[in-house]
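The values are calculated or read from the model by the stated rules, or taken from the named source; none is laboratory data. On a predicted model such as this, the values are computed, not experimentally measured, just so you know. Counting neighbours? That spans all protein chains shown, and the Cβs are built from the backbone with ideal geometry, glycine included. When the accessible area is computed, the model is the full protein with side chains, heavy atoms only, and any ligands, DNA or RNA have been set aside. Shrake-Rupley method; radii C 1.70, N 1.55, O 1.52, S 1.80 Å.
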Amino acid sequence: MSEWSTNKSKRVLAALYRIGWSLKRQSSSHKTLTRPGWPDYVFSFHDKEEIGPRMLARIAKATGLKPGDL
């Protein structure tokens, strides 16, 4: 079983900001996030959208997010 549980995208985005990501630019719901030492990441979810465990694992791999950060 996955260590990730379903979360709202607004909560995931807030967790990314807490671990050091910042908004570089935004076009509609596509937010380009930046963090020193990491490639830019495009976060393209609406605020109330649910993000499942599989997608959270993919986001974590690209951003360094951990289950405890949520």
Among the residues of the range 1-13, which ones are of a type outside the set (A, V, I, L, M), open to solvent by less than 90 Å² (accessible area, probe 1.4 Å) and either out of contact with any strand residue (DSSP E or B) (no Cβ under 8 Å at 6 or more places or on another chain) or closer than 14 Å to Gly68 by Cβ (or both)? Ser2, Trp4, Ser5, Asn7
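Of all residues in the range 51-68, which are of a type in the set (Gly, Ala, Ser), outside any helix (DSSP H, G or I) and over 18 Å from Leu23 (Cβ atoms)?
Let us first name the residues in the range 51-68 that are of a type in the set (Gly, Ala, Ser), namely 52, 57, 60, 62, 64, 68.
Now restrict to residues that are outside any helix (DSSP H, G or I): 52, 64.
Correct list: Gly52 only.
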Unique residue being open to solvent by 70 Å² or more (accessible area, probe 1.4 Å) and in a loop (DSSP other than H, G, I, E, B) when the list is Lys24, Lys48: Lys48
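Is it true that Leu16 is modelled with pLDDT of 95 or more and open to solvent by less than 40 Å² (accessible area, probe 1.4 Å)?
Values: modelled with pLDDT of 95 or more: yes; open to solvent by less than 40 Å² (accessible area, probe 1.4 Å): yes.
Answer is yes for this residue.
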